[in-house]
Amino acid sequence: MIRYDMDIHAMEPRELWPAKWRSIWRDDATFKLDDYLRHLDSEKCDVGMFLPTRALFMDGFDVVQYQEWAHEFCENSDGRLWAAGWYNGIARNLSVLDSDAPIVALPEHARKIIYKTTRPVIVHSVARLAYSLDFHVDHALAHPVDAMKFIAELGAVGETPTCNIAILECGTWWIGGWMRRMQKENLNVPWDNIWFGIDINERSVERLRRVAGSDFPHYDQQDLNRLIDDEAPFRSALEFLGMET
């Protein structure tokens, strides 16, 4: 069985950043292809889903430039890194994405396409200082709170998405209570269309479909070696991607 790390992040080089960010953002750390391949080897994963980092929170990123850079970066990995197509909410930019790859988007952008595309959609929040001016407080809140809102809005629409949806980095500790809340509010959430990125060793609702992601190379990455005897998240990732298990 192919083991996917569903949450590996690009560290986009400074030359791709929008001009205004080059003057205000000092973190220009970059990683080479070998760094990613060593990481995959260390966690005994076959493929990493390659997702944006700075492009998700730096407004003004050029989708075409990012997509070309990500594909070029991954094409020498012998199939071990797969660049997801980044959708930034602008409809015309869907046409520049690889037609076979999953799509990654912020929650508010994902809502625009989940009833139109059949490609897997990865929903990924970021800290944008929306909940607190303290980065770490905002980061702690952003992933689960954005996920709660996204799911409630799915329930309000009441339609079944045309694609599989994976919500990453939000954990699953809160979902049992949220399921009950959605039921009380008569919100018809299409749970069968949703997968969740797990925090390793957390307790979660048994019926949930979970995928595993390390969040490499971010500071809060987790070690997928702790799942070495648990095939379920890796099998579930293949189901999300529409591949044979």
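Bear in mind that the values in this text are calculations on the coordinates, not laboratory data. Bear in mind the structure is a predicted one, so any value in this text is a computation, not a measurement. Quick reminder, even Gly has a Cβ in these numbers, built from the backbone with ideal geometry, and neighbours come from all protein chains shown.
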Using only the alpha-carbon atoms of region 97-205 as identical scatterers, what base-10 log of I(q)/I(0) does the Debye formula give at q = 0.23 Å⁻¹?
-1.34
Evaluate the distance, in nm, between pseudo-label points positioned 7 Å from the Cα of R235 and of N188 along their respective Cα→Cβ axes.
3.1
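Using 1/(1 + (r/R0)^6) with R0 = 45 angstrom and r between the beta carbons of D46 and R128, what's the FRET efficiency to the nearest 0.05?
Details: r = 33 Å, r/R0 = 0.73.
Efficiency for this residue pair is about 0.85.
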Taking the chain and counting helices only, DSSP H stretches of n ≥ 4 at -39,500 (n - 2.57) each over all residues, the nearest-500 ellipticity at 222 nm comes to -9500 deg cm²/dmol
Would you please state which residues of region 1-26 a label at Y219 would reach in this model, taking the label point 7 Å out along Cα→Cβ and a backbone N cut-off of under 14 Å?
26
K149: which aspartates and glutamates have alpha carbons under 20 Å from its alpha carbon, excluding same-chain residues fewer than 8 sequence positions away?
E108, D138, E159, E169, E185, D192, D199
Taking springs between alpha-carbon atoms closer than 10 angstrom, which of S132, S23, S77 fluctuates most in the Gaussian network model of the chain?
S23
Identify the GluC sites (Glu not before Pro) of region 1-77 meeting these criteria: DSSP loop state and at most 16 other C-beta atoms within 10 Å of the C-beta.
E75
Starting from the Cα-Cα distance between D34 and M179, subtract it from 0.36 nm times their residue separation and give me the gain in nm to one decimal.
48.0 nm
Restrict the search to region 146-245; then list the chymotrypsin sites (Phe, Trp or Tyr not before Pro) that DSSP places in a loop and that have at most 10 other Cβ atoms within 10 Å of their Cβ.
Y219
If packing is taken as the average number of other Cβ atoms within 10 Å across a peptide's residues, how do 142-149, 6-13, 53-60 rank, most packed first?
6-13, 142-149, 53-60
For region 4-240, just the Cα atoms, rotate onto the principal axes and tell me the three extents in Å, largest first.
49, 40, 38
